[in-house]
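The values are calculated or read from the model by the stated rules, or taken from the named source; none is laboratory data. Values in this document were obtained by computation on a predicted structure and should not be read as measured data. Backbone-built Cβ (ideal geometry, glycine too); neighbour counts: all protein chains shown. Side chains included, ligands, DNA and RNA excluded: accessible areas come from the protein's heavy atoms. Shrake-Rupley method; radii C 1.70, N 1.55, O 1.52, S 1.80 Å.
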Amino acid sequence: DTAVSQTPKYLVTQMGNDKSIKCEQNLGHDTMYWYKQDSKKFLKIMFSYNNKELIINETVPNRFSPKSPDKAHLNLHINSLELGDSAVYFCASSQSGTSYEQYFGPGTRLTVT
Amino acid sequence: AQSVTQLGSHVSVSEGALVLLRCNYSSSVPPYLFWYVQYPNQGLQLLLKYTTGATLVKGINGFEAEFKKSETSFHLTKPSAHMSDAAEYFCAVSPPGAGSYQLTFGKGTKLSVIP
């Protein structure tokens, strides 16, 4: 059983396109996150949702829009893709009221050409 | 604001040798501390964590870390390296207490194990 799953695992697309990445967790957690890992492996949080409410929204271009239809899902939609968006995107989840350890998905490698 | 510094972007050890990966943090209050491991083309896996209590924390795969408040450090150690330990290791911090959703990562240390 995969705790945090992401689809697709690889995404290759052209500049200017719109794409979505989906994330699902079956851990019963109430908080979900999106991280971006750049080519130097640096991880930076982009968004966080708690009980479907946006609680962290770092300085991210408004071309990126997260959507949480329910507590188990957090999708990331990206409009007008740019070369600099190429990265690995990780979804994670955690349970508030605990030690906040986060469980990560396998990542989606986005390549913009 | 919190920050994490991992000394050494790349560490090489011989198989069977001690592994020591360094992590220092900057925070106004003692944070929650985590070590994650990332194997090639995979997501991050939690190795161990410190929240409160005993300052020496044991994790999976034989790793342990010690929280030293006076040194603001949380170094990761393993007595004997295995080839399977080769991976990227990330130290992370989170503010303690309710509503602490923010996890700040260090830049990572790549561990190579030489046979």
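Rundown of residues vs (1) of a type outside the set (A, V, I, L, M, F, W, C); (2) away from chain A (no Cβ under 14 Å); (3) crowded, with 16+ Cβ neighbours inside 10 Å, yes/no style:
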site: B:PRO30; (1), (2), (3): yes, no, yes
site: B:PRO40; (1), (2), (3): yes, no, no
site: B:THR51; (1), (2), (3): yes, no, yes
site: B:CYS91; (1), (2), (3): no, no, yes
site: B:LEU103; (1), (2), (3): no, no, yes
Subject >> segment B:63-81 - residue that is among the small types (Gly, Ala, Ser) and assigned to a loop (DSSP other than H, G, I, E, B) and, of those, nearest to B:VAL13 (Cα to Cα) >> reply: B:ALA81
Original post:
Considering only residues of segment A:50-64 that are open to solvent by 30 Å² or more (accessible area, probe 1.4 Å) and not charged (D, E, K, R), which is farthest from B:ALA92 (Cα to Cα)?
Top reply: A:ASN62
**OP:** Being assigned to a strand (DSSP E or B) and without any contact (Cβ under 8 Å) to a residue 60 or more places away in the chain is the filter; apply it to segment A:1-34 and report the residue that is surrounded by the fewest Cβ atoms within 10 Å (Cβ to Cβ).
**Re:** A:SER20
Original post:
From the list A:TYR89, A:TYR103, which residue is within 9 Å of chain B (Cβ to nearest Cβ) and hydroxyl-bearing (Ser, Thr, Tyr)?
Top reply: A:TYR103
Subject >> First in segment B:1-24 and farther than 17 Å from B:SER73 by Cα and open to solvent by 70 Å² or more (accessible area, probe 1.4 Å), second anywhere and acidic (Asp, Glu) and assigned to a loop (DSSP other than H, G, I, E, B), Cβ under 7 Å, 6 or more apart >> reply: none
Original post:
Could we say that A:LYS44 is within 14 Å of chain B (Cβ to nearest Cβ), open to solvent by 10 Å² or more (accessible area, probe 1.4 Å) and out of contact with any strand residue (DSSP E or B) (no Cβ under 9 Å at 6 or more places or on another chain) here?
Top reply: no
Original post:
Out of segment A:70-98, which residues are in a strand (DSSP E or B), closer than 15 Å to A:THR31 by Cβ and open to solvent by 10 Å² or more (accessible area, probe 1.4 Å)?
Top reply: A:ASP70, A:HIS73
Subject >> Some residue of segment B:74-85 being acidic (Asp, Glu), more than 12 Å from the chain's Cα centre (by Cα) and open to solvent by less than 10 Å² (accessible area, probe 1.4 Å) >> reply: yes
Subject >> Looking only at segment B:72-83, and only at residues there that are among the small types (Gly, Ala, Ser) and more than 23 Å from A:LEU43 (Cα to Cα), the one that is nearest to the other protein chains (Cβ to nearest Cβ) >> reply: B:ALA81
**OP:** Please find, within segment B:53-71, the residue that is farthest from the other protein chains (Cβ to nearest Cβ) out of those that are surrounded by fewer than 16 Cβ atoms within 10 Å (Cβ to Cβ) and free of Cβ contacts under 8 Å to residues at least 12 places away in the same chain.
**Re:** B:SER70
Subject >> Wholly within segment B:1-62, strands (runs of 3 or more DSSP E) carrying at least 3 residues that are under 16 Å from the mean Cα position of the chain (by Cα) and closer than 22 Å to A:GLY105 by Cβ >> reply: B:32-38, B:44-50
